[in-house]
Amino acid sequence: MTALTAAAPTLEVRNLQTHFFTRAGVVKAVDDVSFSVGRGKVLGLVGESGSGKTVTGFSILGLVDEPGRIVGGSILFHGQDLAKQSEEQMRQLRGNRIAMIFQDPMMTLNPVLRIDTQMIETVQAHTKVSKEEARQRARDTLGMVGIPSPDERLKSYPHQFSGGMRQRVAIAIALLHRPELIVADEPTTALDVTIQAQILAEVQKLCAETGTAMIWITHDLSVVAGLADDIAVMYAGKVVEKGEVAPVLDMPLHPYTAGLIGSVPSRNKRGEPLKQIPGMTPNVMRLPPGCAFRTRCAYATEVCKQEVPFGEVAPGREVRCFHPLFPAKQGEAA
Amino acid sequence: MSTPIIELKGVSKRFSKKLDFAGKILQRLGAPVRDETVHAVDGVDLTVNKGEVVGLVGESGCGKSTLGRMVAGIMPASDGTIRWHGKELAELTGSEGRRAKLQTQMIFQDPMSSLNPRIRVADIIGEAPLVHGLTKRSEYDGYVDEQMRRAGMDPTLKRRYPHQFSGGQRQRIGIARALAVQPEFIVCDESVAALDVSIQAQILNLFMDLRRDLNLTYLFISHDLGVVEHLSDRVVIMYLGRVVEEAPSEEIFARPNHPYTQALLSEVPRIDARKKSFAGVKGEIPSPLNPPPGCHFHPRCPFAFDRCKVERPMLKTVASGHRSACHLNDKVA
Ligand SMILES: Nc1ncnc2c1ncn2[C@@H]1O[C@H](COP(=O)(O)OP(=O)(O)OP(=O)(O)O)[C@@H](O)[C@H]1O
Ligand SMILES: Nc1ncnc2c1ncn2[C@@H]1O[C@H](COP(=O)(O)OP(=O)(O)OP(=O)(O)O)[C@@H](O)[C@H]1O
Ligand code: SF4
Ligand code: SF4
Ligand SMILES: [Mg+2]
Ligand SMILES: [Mg+2]
């Protein structure tokens with residue numbers, strides 16, 4: 001029994017559905033997303049722009065605003081369903097046991113308050129420490145994310161920072177409480193490789209030392225490759241492929257995952273047009289019946305017009321596709 | 001050779017934080033407080049020729065966006081001159097000034113703070129072209145649809161407000177808005193950073209098509225060396241407010257001269273790497289509030305020697321079209 005509890009994941013998302021009821025129609029931003037993350041583990045959540053990654057993160061944190069609503073599924077945090085918590089309970093959890101690093105750092109930062117005010121308030125909101133201790137903690141955390149002269153910098157306003165520095169301050173604020181779960185939404189997109197490596201090093205340390213579970217939303221497959229244990233790939237509101245990082249990146253089974261990996265610039269020739277997945281991102285308000293990737297997929301057949309089940313097609317490999325790309329088939333297509 | 005589109009000579013930008021009233025009193029009383037100055041850009045020369053793609057690379061906070069804003073004419077320089085088609089940008093007035101502004105567009109790093117939250121996407125994209133007579137009222141809808149489609153967006157979403165879009169969709173709104181006024185020169189500040197690789201490829205291919213068809217010119221700010229290598233004719237590397245190296249793209253990736261460039265190239269993350277240990281930055285990250293004397297890179301440079309701590313290395317030609325600012329180049333010579 002104890003062994004079972006120890007192995008229970010920190011977070012388990014099951015068949016999550018979050019829809020926006022707009023005047024123009026229902027936007028099924030998240031429509032059947034399932035994954036889990038264990039203690040000290042990192043899940044890389046990747047997918048096309050607009051596929052529902054941020055809305056998934058917002059759903060976990062209870063931050064989906066009107067006209068959006070969680071309409072199905074469950075979000076189990078240590079077995080407790082977050083989708084059923086009250087506003088107040090969620091507020092208690094946020095910033096303390098669960099933190100989010102937003103895609104846009106200005107969602108975390110208040111433009112009219114100095115950085116030190118914001119960080120000290122955050123520390124003192126959840127722990128009883130003196131202002132001086134709180135400042136010390138803020139200062140150390142800024143140093144951790146590679147902000148030089150943290151003492152002077154603490155006195156700045158957000159607009160006095162560069163884009164990447166704002167991103168790092170937002171990361172620092174999320175790390176302040178060593179939460180049990182962090183949802184990080186494209187946290188290092190605007191950062192150069194050296195600073196990115198520094199932050200990823202801190203993140204790895206945090207996960208290893210405090211057992212923080214991490215959902216790392218990104219489109220950068222090379223970061224996922226180096227950081228994550230598992231990967232979930234989203235397309236048009238659904239998880240279409242899931243598994244351990246190495247097998248998924250080495251042998252993608254879903255045609256969309258394969259297309260994504262094929263478009264990485266370093267794999268293309270300089271000056272030549274980059275490979276891109278043909279066609280356009282579907283409008284989630286007008287999805288064709290059946291597989292949403294159908295109109296762009298080279299392997300589509302008649303059967304793809306039917307609802308595609310999500311399930312295990314090989315040990316540890318879950319895919320939402322009628323014709324997964326096992327190596328024999330990849331050879332055929334080439 | 002024709003006049004470059006933009007030519008910077010000795011351009012600097014300083015941001016000072018003046019002491020507030022209490023601070024001034026403290027200073028009078030002898031407290032060790034003083035005005036703080038950030039040397040965001042420090043004596044930069046940069047030339048961009050018509051039809052060229054120049055990549056601008058450097059660490060977070062090294063001054064890329066600040067330099068980009070000055071090039072795009074939306075922020076004045078503290079020092080130095082910026083010439084647009086041979087004329088000093090700061091002195092352009094009237095219709096010529098407006099033309100310079102329109103012809104040079106910037107795609108901002110932070111799409112959310114550069115898009116007015118209360119204006120519908122259609123008008124964010126279409127307003128300027130309408131005002132400047134690039135489209136007519138009667139053709140407005142079609143014009144906006146075309147701009148959205150080009151940036152990979154579904155035109156049926158045009159009645160939405162910016163907050164109803166995903167991060168990458170917002171970035172594409174910024175791209176569509178910049179392209180809609182038909183500029184000749186675009187400063188792209190991390191313009192594809194928030195896009196997944198496939199849409200990134202689509203946008204980069206669009207940039208390249210526009211360059212071929214309309215002879216567009218780009219200053220392409222990015223920390224993604226893969227993207228920069230793919231796109232740029234020439235690459236400029238900045239470190240703490242200064243240009244440290246500049247060379248044709250192939251040359252710089254094949255034969256990086258400056259120790260900082262070499263360090264940068266060795267740290268590119270790769271998709272074939274698997275769960276690995278990331279290492280923090282070696283050495284202290286220097287602060288633009290208090291830049292180290294001599295070569296700014298010396299506290300982190302594995303080759304630093306005495307001279308590096310006192311004397312600023314100047315950019316010197318090390319091969320055809322290849323300039324680098326490092327004292328080592330004198331040593332070997
Ligand atoms: N407030 C809203 N009202 C209506 N639609 C919305 C709203 N917020 C998001 N959406 C839509 O929901 C879908 C999913 O958005 P989401 O922000 O989760 O995408 P994402 O995967 O994070 O993309 P990106 O990589 O571009 O950030 C998009 O099609 C978006 O336009
Ligand atoms: N308005 C401002 N007031 C004070 N300091 C500023 C201002 N804008 C920028 N700075 C400072 O100037 C330096 C350079 O900033 P800039 O935004 O140009 O960097 P960057 O190279 O674009 O970095 P990033 O890659 O993180 O976007 C930073 O130290 C920043 O704090
Ligand atoms: S289900 Fe059919 S259309 Fe969808 S990805 Fe698989 S093969 Fe392609
Ligand atoms: S000048 Fe000196 S410190 Fe600077 S990069 Fe060259 S060797 Fe290193
Ligand atoms: Mg997002
Ligand atoms: Mg910037």
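The values are calculated or read from the model by the stated rules, or taken from the named source; none is laboratory data. Only a predicted model underlies this, so the values are computations on that prediction, with no experimental measurement involved. Glycine gets a Cβ as well: all are built from the backbone with ideal geometry, and neighbour counts include every protein chain shown.
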Per-region count, the range A:230-249, residues at the interface with chain B (Cβ under 7 Å from one of its Cβ atoms) and in contact with a helix residue (DSSP H, G or I) (Cβ under 7 Å, 6 or more places away or on another chain): 2
Any chance A:GLY262 is more than 16 Å from ligand 5 (Cβ to nearest atom) and at pLDDT 80 or above: yes
Selected residue (criterion: farthest from B:SER166 (Cα to Cα)) from residues of the range B:194-227 that are more than 7 Å from chain A (Cβ to nearest Cβ) and part of a loop (DSSP other than H, G, I, E, B): B:ASN215
Condition met for A:VAL129 (away from ligand 3 (no atom under 16 Å from the Cβ), closer than 30 Å to B:GLN262 by Cα and not assigned by TED's automatic domain parsing to the domain that holds A:VAL37): no
Residues of the range B:228-262 satisfying the condition of being free of Cβ contacts under 8 Å to residues at least 24 places away in the same chain and not in a loop (DSSP other than H, G, I, E, B): B:GLU250, B:ALA254, B:GLN262
Strands (runs of 3 or more DSSP E) fully within the range B:12-105 counting 3 or more residues that are modelled with pLDDT under 90: B:36-48
Scope the range A:173-193; condition part of a helix (DSSP H, G or I) and touching a strand residue (DSSP E or B) at 6+ places or on another chain (Cβ under 6 Å); matching residues: A:ALA174
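Yes or no, residue by residue, for (1) at pLDDT 85 or above; (2) within 20 Å of B:GLN202 (Cβ to Cβ); (3) within 12 Å of ligand 3 (Cβ to nearest atom):
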{"site": "A:GLY243", "(1), (2), (3)": "yes, no, no"}
{"site": "A:HIS254", "(1), (2), (3)": "yes, yes, yes"}
{"site": "A:GLY271", "(1), (2), (3)": "no, yes, no"}
{"site": "A:VAL319", "(1), (2), (3)": "yes, no, yes"}
{"site": "A:PRO324", "(1), (2), (3)": "yes, no, yes"}
{"site": "A:PRO327", "(1), (2), (3)": "no, no, no"}
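Yes/no matrix, rows are residues, columns are (1) within 21 Å of A:ASP192 (Cβ to Cβ); (2) of a type outside the set (Val, Ile, Thr); (3) within 16 Å of ligand 5 (Cβ to nearest atom); (4) more than 15 Å from the chain's Cα centre (by Cα):
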{"residue": "B:LEU67", "(1), (2), (3), (4)": "yes, yes, no, no"}
{"residue": "B:VAL71", "(1), (2), (3), (4)": "yes, no, no, no"}
{"residue": "B:GLY86", "(1), (2), (3), (4)": "no, yes, no, yes"}
{"residue": "B:LEU102", "(1), (2), (3), (4)": "no, yes, no, yes"}
{"residue": "B:ALA122", "(1), (2), (3), (4)": "no, yes, no, yes"}
Qualifying residue in the range B:271-292 (condition: within 22 Å of the chain's Cα centre (by Cα) and modelled with pLDDT of 95 or more): no
All positions within the range B:155-169 that are touching a helix residue (DSSP H, G or I) at 6+ places or on another chain (Cβ under 7 Å) and without any contact (Cβ under 8 Å) to a residue 24 or more places away in the chain: B:PRO155, B:SER166
Single residue of A:VAL55, A:VAL42, A:VAL37, A:VAL26 found to be touching a His at 6+ places or on another chain (Cβ under 8 Å) and assigned by TED's automatic domain parsing to the domain that holds A:ILE261: A:VAL26
Condition check for B:ILE186: at pLDDT 95 or above, within 28 Å of B:ARG99 (Cβ to Cβ) and not aromatic (Phe, Trp, Tyr): yes
Residue, nearest to the other protein chains (Cβ to nearest Cβ), within the range B:106-146, restricted to residues that are of a type in the set (Val, Ile, Thr) and part of a loop (DSSP other than H, G, I, E, B): B:ILE119
Hits in the range A:175-203 (condition: polar (S, T, N, Q) and either more than 7 Å from every other protein chain (Cβ to nearest Cβ) or over 20 Å from A:ALA138 (Cα atoms) (or both)): A:THR188, A:THR189, A:THR194, A:GLN196
